[in-house]
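The values are calculated or read from the model by the stated rules, or taken from the named source; none is laboratory data. Computed from a predicted structure; not experimentally measured. Methodologically, a virtual Cβ is constructed for each residue, glycine included, from the backbone with ideal geometry; neighbour enumeration extends over all protein chains shown.
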Amino acid sequence: MSMTQLIRIAICEDNTADATHLKQLLAQSGFETQIEAFTSGEEFIEHMQPFIYDVIFLDICMKEINGITLAEHIRKQDSHTQLVFTTSNNEYALVGYRVQALQYLIKPVKSEDINQVLQQVRKQKEDVRYIPFVSEGKRIDVACQRIMYIEIYGKNTMIHTTDGPICVHLSIDVMSQLLPSSFVRTHRSYIVNFNYVKKLEEDFIMENGAKIYIRKKGAEEIKQKWHDFLIESTRGDSHDI
């Protein structure tokens with residue numbers, strides 16, 4: 001993929017000069033970016049939609065809701081978007097590990113810092129596996145990373161992605177053969193991406209609140225796959241998405 005692949009960015013920074021500086025560096029980076037800026041943690045939460053950004057730059061030392069608290073709030077709903085902390089000192093460096101931050105940048109942020117972050121984000125986007133589908137007579141390439149779950153919808157199949165639902169004319173049986181190992185058929189009507197499961201009760205509860213049913217026959221095997229997935233995630237093993 002080329003350097004012109006769009007990178008969707010959010011900036012949450014309460015210092016106007018720092019926010020302007022960051023936007024200038026992003027504009028001069030040579031990457032195609034779409035930037036949305038917020039001046040406080042409260043404003044970000046008010047407008048927050050999970051998964052719509054590729055990377056979020058968070059100032060740690062904001063008033064009221066600081067960057068650390070905001071990052072923890074984001075991670076409760078969004079486990080995939082990259083987080084980058086910016087701050088004037090390095091005393092919070094270890095906090096980044098708790099919320100799986102991509103980078104920790106010391107102000108004033110330098111152009112090489114921004115380029116390194118954007119290169120990492122772009123590589124992540126390039127490494128994502130895409131599957132072609134036909135929807136409403138048009139071919140669309142859907143990133144597996146953005147598929148939360150799939151369900152039978154009448155005579156069609158509905159793909160629920162982080163960008164919204166997509167209705168396709170392809171059987172769920174065929175689809176299950178196209179998807180990588182993080183996807184599991186939990187029911188005759190559902191395929192779930194374990195990367196978006198929030199918790200397991202009697203059935204799977206997704207990060208967006210959806211309930212995905214687990215069939216009675218083979219339920220223990222499905223739940224064991226989920227527990228194995230959690231263990232691998234804790235170890236830091238990568239999952240094929």
It is to be established whether one or more residues within the range 162-185 are of a type outside the set (Asp, Glu), part of a helix (DSSP H, G or I) and touching a residue at least 24 places away in the same chain (Cβ under 8 Å). yes
Collect the residues in the range 203-224 that are in a helix (DSSP H, G or I) and surrounded by 14 or more Cβ atoms within 10 Å (Cβ to Cβ), keeping them in residue-number order. Ala219, Ile222, Lys223
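Of the residues Glu36, Glu46, Glu42, only one is assigned to a helix (DSSP H, G or I), in contact (Cβ under 8 Å) with a residue 12 or more places away in the chain and charged (D, E, K, R); which?
None of the others qualify; the one that does is Glu42.
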Quick one: which helices (runs of 4 or more DSSP H) lie wholly within the range 54-146 and hold at least 3 residues that are acidic (Asp, Glu) and within 28 Å of Gly30 (Cβ to Cβ)? 111-127
Looking for whichever is in the same structural domain as Lys198 (by TED's automatic domain parsing), under 18 Å from Ile52 (Cβ atoms), at pLDDT below 90 and not polar (S, T, N, Q) here; the options are Asp141, Asp163. Which one fits? Asp163
Among the residues of the range 188-196, is there at least one that is at pLDDT 90 or above, in a loop (DSSP other than H, G, I, E, B) and assigned by TED's automatic domain parsing to the domain that holds Gly154? yes
Inside the range 5-24, can you point out the residues that are farther than 19 Å from Lys63 by Cβ, surrounded by 18 or more Cβ atoms within 10 Å (Cβ to Cβ) and at pLDDT 95 or above? Ile9
What about Leu118, is it under 25 Å from Ile11 (Cα atoms), among the aliphatic types (A, V, I, L, M) and at pLDDT below 90? no
Phe85 versus (1) hydrophobic (A, V, I, L, M, F, W, C); (2) surrounded by 20 or more Cβ atoms within 10 Å (Cβ to Cβ); (3) closer than 21 Å to Pro165 by Cβ: which is the lone unmet condition? (3)
